[in-house]
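J.: Below is a structure I'd like to ask you about.
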Amino acid sequence: MADEAKAKGNAAFSSGKFDEAIKFFSEAIDLAPTNHVLYSNRSASYASLHQYSKALEDAKKTVELKPDWSKGYSRLGAAYVGLGSFDEAINSYEKGLEFDPNNEALKSALSDVRSRSRAPPSSSSSPFGNIFQGPELWAKLTADPTTRGYLQQPDFVKMIQDLQRNPNNFNLYLKDQRMMNALGVLLNITMRSGTGNDEEMPMGMDRDMPEVEVEQPKKEMPREPVKKQPEPEPEPEPMEIPDEEKEAKERKAQAQKEKELGNAAYKKKDFEKAIDHYSKAIELDDADISFITNRAAVYLEMGKYEECIKDCDKAVERGRELRADFKMVAKALTRKGTAFVKMAKTSKDYEPAIEAFQKALTEHRNPDTLKKLNDAEKAKKDLEQQEYFDPQLADEEREKGNEFFKQQKYPEAVRHYTEALRRNPKDPRVYSNRAACYTKLGAMPEGLKDAEKCLELDPTFTKGYTRKGAIQFFMKEFDKALETYQEGLKHDPRNQELLDGVRRCVEQINRTNRGDISAEDLKERQAKAMHDPEVQNILSDPVMRQVLQDFQENPKAAQDHLKSPEVMQKIQKLVAAGIVQLK
C-alpha cells in the first residue's frame, strides 16, 4: 500500500538515509501517483542529497497536483535556492505566502533568500561566511547529535539566521561554544576549546577564537584515538515531514468534530445543517468514507434519492481505492439499494436495487441486507404479476390449451395453461387442466401440486378432487385417494367420477388385504406408506404398538381395542396403506 511505503520513507528520512527514503517514496508514488505529499517528501530527500534538479522536478509536480498547498511552494523555493535561482525562489515563497500568510517557515525562507540575492558575491570578510549559506546547512546541523538540540533553542536559531543575512557578524558569536560546535559540524572538523589566554594561537585568528584541530590521516606519531559516543538516530530536516503529519492530524481531528456535529443535527432532524457538516468533514479528510455514507443517509431521509445514490457510488469507489473496511463498502451498497427501492414504481425499477443488495452481500453477509434483498425480490415478483394480470388474455390462453389437450399435444397445452396462470394466477380451472396434462405426461408430483393449488383456491371445485384422487390412485396411494374422493363427495354426493373413484380404491385396498397383489407391489406400497407422516405417527404410538401386538398374541384383547373408534380408524389407515393385513 502507498501509506505503508510512505511510512517507510518517512522513517528512512528521519534516520538520514535519504537514498532509501527516495526509494520508498518512489514506490508509494507508483501506487498513488496523484498524492502530492509523496512528491513533496521525495523533493525534500533529493534536496538533502544536493540533487536540486530532481528536487525541483518533484516540487513542481507537488504544486501542479495541489496548487493551494503552501508546503509545495516551500519545496519549490528550496530547490531554486539550491540551484542558485534566487528570483524564482523569491517568487515561489511569495506565492506560498498568498495561500498561508502566517507561515513562519515561508517568511523566514523568503527573508533569507532576499538577503542573499542582495548581497555581493564576495563581500564577506569572514573566512567562514559562505558555510552558513545554502539549504544543506539545516540538514547538517540536524544530523549531528550535538547540534540537533541547539535547533530547539530560539537564540541559537536567531544567531544562524543572522549569519545567513550578514556573515560579517561571525566574530560577534565566537565566544558562544554552541557556535564553535556548529562551525565544526559544518566544516567536518573537531573543535577543541582553549583552556587559557596564554596558549599559542594560529596566525590570522582572533585571540578569543578557540584552537581548531583538523582531522587528518595517521602520521608517524600515533595518538590515542578519541572514543566516540554512539550517535543516536538523526531526526528529520526541520519543518519538513512533522509539519505535514501535524497538519494531517489537525485536519482529521477537525473532520471528526464536523462529523459529530452532523450526527447531532441528524438526530434533531435538521437535515440541511447535517449535510453542511458532513460536507465540511469530507473536504477536510477524504480518507474516511463514513462521512460520505452519513451524508447519503441524510439524503435518503430527505427523499433526495439521486443524491443518495451518487454519494453511495462515491463512497464505494473511494473505499476500494483506500482498501477500506469491507463492512463500510457493504453499508454504502445497501444504502444505495434502499434508495432504488424507494424510487421503484415498476418491476424493472427493482433490478438495480437487487443488484446493489447482492453486491453488498458479497462484501459482507449482513442479515439486514439479506432481508432487504428478499423483500425487493418479492416486491418485484408481485409487481410483475400485477403488471401482467389480464383475465381476458388468460381465458384466451386457457382455450388454446384446451384445444391442444384435445389434440393430445400435452406439452403445448401445458405451455398455454402456464401463460394463462401468469395472466390470472387465481383461476382454479387452469390449475385443474394443467394437472390433467401433467398426469398424461406421467409427471405425477407436478400434477398433484397443481390439483392441491386448485382446491386451495376453490375447496368446492369438484373437478379438483377428481384430479387429485386420480393422481394419488396412479401413485398407488389408495388410502389417500380414497380420502380425497370421499372429501369431494361432501360437496357433490352424486358425482359419478368421485363415486367411481371410491369404488376403485376400495377394490384395491381389499385386494391388498386378501393378499391378491404381488410381493413386489406390496413392498412398494409399504415403502411409500412408511414415508407418510401419519403412518409414522401411528407406528411410533406406544398404545398402537400394543394393539398390533395383541392382534398377533391376544385376539380377545384385540377385539376389545376395535371398540374404540379412534383405534379402529388408525387400524384402517394401516390396512389401507398395506402395513397391516387382515386375514
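The values are calculated or read from the model by the stated rules, or taken from the named source; none is laboratory data. In this text, all values refer to a predicted model and were calculated from it rather than measured experimentally. Heads up, the Cβs are rebuilt from the backbone with ideal geometry, glycines too, and the neighbour counts pull from every protein chain shown. Note: areas computed on protein heavy atoms with side chains; ligands, DNA, RNA excluded. Shrake-Rupley method; radii C 1.70, N 1.55, O 1.52, S 1.80 Å.
J.: Please go through (1) acidic (Asp, Glu); (2) over 24 Å from residue 568 (Cβ atoms); (3) under 53 Å from the mean Cα position of the chain (by Cα) for residue 524 and return the number of the only condition it doesn't satisfy.
T.: Going through (1) acidic (Asp, Glu); (2) over 24 Å from residue 568 (Cβ atoms); (3) under 53 Å from the mean Cα position of the chain (by Cα) one by one, residue 524 breaks only (3).
Every residue, every condition in (1) in a loop (DSSP other than H, G, I, E, B); (2) surrounded by 15 or more Cβ atoms within 10 Å (Cβ to Cβ), yes or no:
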{"position": "473", "(1), (2)": "no, yes"}
{"position": "484", "(1), (2)": "no, yes"}
{"position": "489", "(1), (2)": "no, yes"}
{"position": "528", "(1), (2)": "no, yes"}
{"position": "534", "(1), (2)": "no, no"}
{"position": "548", "(1), (2)": "no, yes"}
{"position": "557", "(1), (2)": "no, no"}
{"position": "563", "(1), (2)": "yes, no"}
{"position": "573", "(1), (2)": "no, yes"}
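J.: Let me ask something else. Go through region 19-77 and give me each residue that's open to solvent by 60 Å² or more (accessible area, probe 1.4 Å) and not in a helix (DSSP H, G or I).
T.: 33, 34, 50, 51, 66, 67, 68
J.: Also: Scan region 372-396 for residues that are at pLDDT 90 or above and polar (S, T, N, Q) and jot them down.
T.: The answer is 374, 392.
J.: Let me ask something else. Out of 21, 109, which single residue is within 27 Å of residue 286 (Cα to Cα) and of a type in the set (Gly, Ala, Ser)?
T.: Only one candidate qualifies: 21.
J.: Taking region 267-279 as the region of interest, how many residues are crowded, with 18+ Cβ neighbours inside 10 Å and farther than 15 Å from residue 300 by Cβ?
T.: Qualifying residue count, region 267-279: 1.
Conditions (1) closer than 20 Å to residue 569 by Cβ; (2) touching a Leu at 6+ places or on another chain (Cβ under 7 Å), marked per residue:
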site: 450; (1), (2): no, no
site: 453; (1), (2): no, no
site: 456; (1), (2): no, no
site: 459; (1), (2): no, no
site: 463; (1), (2): no, no
site: 466; (1), (2): no, yes
site: 470; (1), (2): no, no
site: 477; (1), (2): yes, no
site: 486; (1), (2): yes, no
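J.: Oh, and also: Among 338, 334, 293, which is among the β-branched types (Val, Ile, Thr), out of contact with any helix residue (DSSP H, G or I) (no Cβ under 6 Å at 6 or more places or on another chain) and assigned by the TED database to the domain that holds residue 279? Walk me through how you get there before you give the answer.
T.: Working: 334 fails: out of contact with any helix residue (DSSP H, G or I) (no Cβ under 6 Å at 6 or more places or on another chain); 293 fails: out of contact with any helix residue (DSSP H, G or I) (no Cβ under 6 Å at 6 or more places or on another chain).
Going through 338, 334, 293 in turn, just one is among the β-branched types (Val, Ile, Thr), out of contact with any helix residue (DSSP H, G or I) (no Cβ under 6 Å at 6 or more places or on another chain) and assigned by the TED database to the domain that holds residue 279: 338.
J.: Given the residues 339, 356, 324, 332, which is the only one that is assigned to a loop (DSSP other than H, G, I, E, B), within 28 Å of residue 311 (Cα to Cα) and among the hydrophobic types (A, V, I, L, M, F, W, C)? Give the derivation first.
T.: Details: 339 fails: assigned to a loop (DSSP other than H, G, I, E, B); 356 fails: assigned to a loop (DSSP other than H, G, I, E, B); 332 fails: assigned to a loop (DSSP other than H, G, I, E, B).
The unique qualifying residue is 324.
J.: Can you pull out every residue in region 100-144 that is modelled with pLDDT under 75, of a type in the set (Ser, Thr, Tyr) and surrounded by fewer than 15 Cβ atoms within 10 Å (Cβ to Cβ)?
T.: 117, 122, 123, 125
J.: Something else about it: Between a residue in region 297-316 that is assigned by the TED database to the domain that holds residue 264 and open to solvent by 40 Å² or more (accessible area, probe 1.4 Å) and any residue that is part of a helix (DSSP H, G or I) and basic (Lys, Arg), which pairs come within a Cβ distance under 9 Å, given they are 6 or more apart or on different chains?
T.: 305/342; 307/295; 313/336
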